[in-house]
Amino acid sequence: MIEKTVYLDNAAATRMDERVLEAMKPYFFDIYPVATSEFGYSLGIEAREALEKARHTLANYIGATGEEFIFTSGSTESSNIAVKGVALSLGEKKGKHIIISEIEDFPVLHSAKALEKQGFSITYLDVDPEGLVNLNRLRDSITDETILVSIQHANQEIGTIQDIETIGRICNEKGVLFHTDATHTFTRVPLDLKKVKVDLITVSSHTIHGPKGVGGLYLRKGTPVTKWMDGGFQEFNLRAGLENIPGAVGFAKAVELVAPEENERLKTMRDHLIDRVSAEIPDTTLNGHRSKRSPQNANITFHFVEGESITLHLDMRGFSVSTGSACFSRSLEASHVILGLGGNHERAHGSIRFTFSRYNTMEEVDSVIDTIAEVVGELRKISPLGNKKEVQK
Amino acid sequence: MTFPYSEKVLEHFRHPRNVGKIENPDGNAMEGSPACGDMVGVNIKVDPDTKRITDIKFESYGCASNIATGSIITELAKGKTLEEAKKINWKQASEALGGLPPIKTHCSVLAVEGLRSAIQNYEERHGLVKDQKPTTVEIVRKRLKKVMNPLSGLDLVHTELVKDITVTDGTVHVVVDIPTGHQFASNIRNEIVDKIEPLWDVKKVEVEFME
């Protein structure tokens, strides 16, 4: 039925680049041992050197040194190490207060909730209708008990980019650690440690055409993080477990392959979709900020219709997108991000997220717009709500 | 690849039957699901002599299961007497569709409830309700539990939006804590009137919004 799938759910996972696979291959078949110490055997030393080279590529990319970057199994683990690691380290010594935004992705949100059950107090900062954290409120929320502020760089669903430069400055002035989840901006939006005062950064490979199952955490030198998954002494004794060397090599390769022109191209596709949809399909709302937005993300609510119905119709026509509708999720809960923008269930119900990648083309963007205009028009004909204007072609 | 939906569900989802509204319906109802925010509306036309459903249409603001069940229910009910149609249950609808995912029960059961409510609405409007108890504030409140606020995906009573209910000489007055200019104010007003007006001793329904 479907000749070719147009995949527009790249915030969830991207197609891996063949060049990444080529870079990884030797570490499966030739240099397959674990990384040994420099006193080990030759293959193990080679493996360790490959791991350290990958580490330096990633650290250098954000202006850090190699000792400040550890590999993990992905952004979930990175954020867990950051949030829980700081809590374990400073909870008894300094205080039990942590500040996050209410639209954080699940690794930070649920780590905070888990800590809350153990006696930590969490401030969930609300966001404005475009998804931005109020910086004055952040400043006012910091107390002597506050040990960590964790606010994402860009949002996973609506793409809104927070002003992490100012947030970093506020945290620095108040002497509080700052963690940012940069899963959806890494290599897409500049993050320079010379400009941004941030202590911990979560990154991942799966969003940038690298392999799944590998991510990283930047930790500024001296950041107090207690190790809580016990085992060996890997990753500067912060993250136990066998190193995923092919993964680390693939991650580094994926970073090297991202060119600035690519991000411009993503932005052009994003803007084209947002502009055409708002001009051609009535009763739509852009979710997230218009310009302070990750280059690969467009998220739009099509009023009076439900998201799972849209995604299923699109899937049958060969397009993969996602929605914040409760009906789409396993938990049957509407997106906490869209609800956070104004507590509006209807807005989550008809929200569709489009996320672009290296492999999408302008033709695909045009064809998804044409198709969604048709699908939304059909669904509105059977909807009991609101103005059922014909969708313009 | 295994799809969660049967061929039949997908077929009804893609080509829903009997969609829309009936002009001057003999019975109508709108049901909303607090769990996922879906809504379904059912309109029926009834032959006054045979008490058979001569026409039926549905509308859906919902997911695939909701749309497919709305569609199948119209096919199952058309031509049946009201007594027969009342007996149609979720299991029959689900079987007619070749099965529905269990997690989607609550969004698909809405169409069945919609059909039953439309029949009840017909019976109330045509003096066919046998047991005629006087309308009380409690009866009104119970009915308002079926009026959904699309903004929260929850019903008006559960979300404490119903500030006051009075019943005096056949006039029901409902005060709702949303502004007149609210995006769905007129939808909510219509739904309240639709739910309360058919009660046999109700002559007038007044909906007041708070500014």
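If you go through segment A:259-291 and keep only what is open to solvent by less than 40 Å² (accessible area, probe 1.4 Å) and in a loop (DSSP other than H, G, I, E, B), you end up with A:Ala259, A:Ile281, A:Pro282, A:Asn287, A:Gly288, A:His289.
With A:Glu363, A:Glu333 as the choices, which residue is over 25 Å from the mean Cα position of the chain (by Cα), surrounded by fewer than 24 Cβ atoms within 10 Å (Cβ to Cβ) and either assigned to a helix (DSSP H, G or I) or among the acidic types (Asp, Glu) (or both)? Walk me through how you get there before you give the answer.
Details: A:Glu333 fails: over 25 Å from the mean Cα position of the chain (by Cα).
Result: A:Glu363 is the single residue among A:Glu363, A:Glu333 that is over 25 Å from the mean Cα position of the chain (by Cα), surrounded by fewer than 24 Cβ atoms within 10 Å (Cβ to Cβ) and either assigned to a helix (DSSP H, G or I) or among the acidic types (Asp, Glu) (or both).
Scan segment B:108-116 and give yes if some residue there is out of contact with any helix residue (DSSP H, G or I) (no Cβ under 7 Å at 6 or more places or on another chain) and without any contact (Cβ under 8 Å) to a residue 60 or more places away in the chain, otherwise no. So far as segment B:108-116 goes, no, none of its residues is out of contact with any helix residue (DSSP H, G or I) (no Cβ under 7 Å at 6 or more places or on another chain) and without any contact (Cβ under 8 Å) to a residue 60 or more places away in the chain.
Can you tell me which of A:Gln152, A:Gln118 is at pLDDT 95 or above and within 16 Å of the chain's Cα centre (by Cα)? Outline the logic, then answer.
Numbers: A:Gln118 fails: within 16 Å of the chain's Cα centre (by Cα).
After ruling out the rest, the residue left standing is A:Gln152.
Among the conditions (1) within 12 Å of chain A (Cβ to nearest Cβ); (2) open to solvent by 10 Å² or more (accessible area, probe 1.4 Å); (3) under 20 Å from B:Leu128 (Cα atoms), the only one that B:Tyr5 does not satisfy is (3).
Filter segment A:219-240 down to residues that are without any contact (Cβ under 8 Å) to a residue 24 or more places away in the chain and either among the small types (Gly, Ala, Ser) or assigned to a strand (DSSP E or B) (or both) and give me whichever is nearest to A:Ala182 (Cα to Cα). That would be A:Gly222. For A:Glu256, the conditions (1) open to solvent by less than 20 Å² (accessible area, probe 1.4 Å); (2) in contact with a helix residue (DSSP H, G or I) (Cβ under 8 Å, 6 or more places away or on another chain); (3) of a type in the set (D, E, K, R) are fulfilled apart from (1). Hey, among the residues in segment A:22-31 that are within 30 Å of the chain's Cα centre (by Cα) and open to solvent by 70 Å² or more (accessible area, probe 1.4 Å), which one's nearest to A:His209 (Cα to Cα)? If we take residues in segment A:22-31 being within 30 Å of the chain's Cα centre (by Cα) and open to solvent by 70 Å² or more (accessible area, probe 1.4 Å), then A:Glu22 is nearest to A:His209 (Cα to Cα).
May I ask you to list the residues in segment B:66-95 that are within 16 Å of B:Arg14 (Cα to Cα), in contact (Cβ under 8 Å) with a residue 60 or more places away in the chain and of a type outside the set (Val, Ile, Thr)? Walk me through how you get there before you give the answer.
Of the residues in segment B:66-95, the ones within 16 Å of B:Arg14 (Cα to Cα) are B:66-75.
Narrowing the set further to residues that are in contact (Cβ under 8 Å) with a residue 60 or more places away in the chain leaves B:68, B:72.
Within segment B:66-95, just B:Ala68 meets the criteria.
Among the residues of segment A:380-392, not a single one is out of contact with any Lys or Arg (no Cβ under 8 Å at 6 or more places or on another chain), modelled with pLDDT of 95 or more and more than 10 Å from chain B (Cβ to nearest Cβ). Taking segment B:125-153 as the range and being within 14 Å of chain A (Cβ to nearest Cβ) and of a type in the set (Val, Ile, Thr) as the test, only B:Val147 passes. What about A:Arg353, is it outside any helix (DSSP H, G or I), buried (at least 21 other Cβ atoms within 10 Å of the Cβ) and more than 10 Å from chain B (Cβ to nearest Cβ)? So A:Arg353 passes the test.
Determine which member of the set A:Ile310, A:Ile300 is open to solvent by less than 10 Å² (accessible area, probe 1.4 Å), within 11 Å of another protein chain (Cβ to nearest Cβ), in contact with a strand residue (DSSP E or B) (Cβ under 8 Å, 6 or more places away or on another chain) and of a type outside the set (D, E, K, R). Can you show your working first?
Details: A:Ile300 fails: within 11 Å of another protein chain (Cβ to nearest Cβ).
Testing whether each residue is open to solvent by less than 10 Å² (accessible area, probe 1.4 Å), within 11 Å of another protein chain (Cβ to nearest Cβ), in contact with a strand residue (DSSP E or B) (Cβ under 8 Å, 6 or more places away or on another chain) and of a type outside the set (D, E, K, R) leaves just A:Ile310.
Quick one: would you say B:Ala185 is modelled with pLDDT under 90, touching a strand residue (DSSP E or B) at 6+ places or on another chain (Cβ under 7 Å) and small (Gly, Ala, Ser)? Yes; evaluated as a whole, the condition is true for this residue.
Once segment B:83-108 is narrowed to residues that are over 13 Å from B:Val42 (Cβ atoms) and crowded, with 19+ Cβ neighbours inside 10 Å, the residue that is modelled with the lowest pLDDT is B:Cys107.
The values are calculated or read from the model by the stated rules, or taken from the named source; none is laboratory data. What you see is a predicted model, and the numbers here were worked out from it, not measured in a lab. All Cβ positions, glycine included, derive from the backbone under ideal geometry; neighbour counts span all protein chains shown. Just so you know, the surface numbers come from the protein's heavy atoms only, side chains and all, with ligands and any DNA or RNA stripped out. Shrake-Rupley method; radii C 1.70, N 1.55, O 1.52, S 1.80 Å.
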